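The values are calculated or read from the model by the stated rules, or taken from the named source; none is laboratory data. Since this is a predicted model, take the numbers as computed values, not measurements. Positions of Cβ are generated from backbone atoms using ideal geometry, with glycine treated the same way; all protein chains shown enter the neighbour counts.
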Amino acid sequence: MLARVKPAQSQSDSEVLTLHEAARLLRVSERTAWKLAKAGRLPGSQLGNQWRFLRSELLEAVASPDAE
């Protein structure tokens, strides 16, 4: 008997992006992405002076009904 296995989260969903990569994904300037992240409107983490974002969280944030 084969056990059912829950599909693993795809690599692209858990992909960690830099500010530059996040800006390209969202098709905005790096400055705009930085301002949105700093204001808490984009989900991300600041590590020192650098930002990191999860691709899946960015896509979810912009797909949500209250996204501006």
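The set of residues in region 17-34 being farther than 15 Å from Ala61 by Cα and charged (D, E, K, R) consists of Glu21, Arg24, Glu30, Arg31. In region 12-68, of all residues being among the acidic types (Asp, Glu) and touching a helix residue (DSSP H, G or I) at 6+ places or on another chain (Cβ under 8 Å), the one that is modelled with the highest pLDDT corresponds to Glu30. The residue that is surrounded by the fewest Cβ atoms within 10 Å (Cβ to Cβ), counting only those in region 54-68 that are in contact (Cβ under 8 Å) with a residue 40 or more places away in the chain and over 14 Å from His20 (Cβ atoms), is Ser56. Taken over region 10-53, residues that are buried (at least 17 other Cβ atoms within 10 Å of the Cβ) and aliphatic (A, V, I, L, M) amount to 9.
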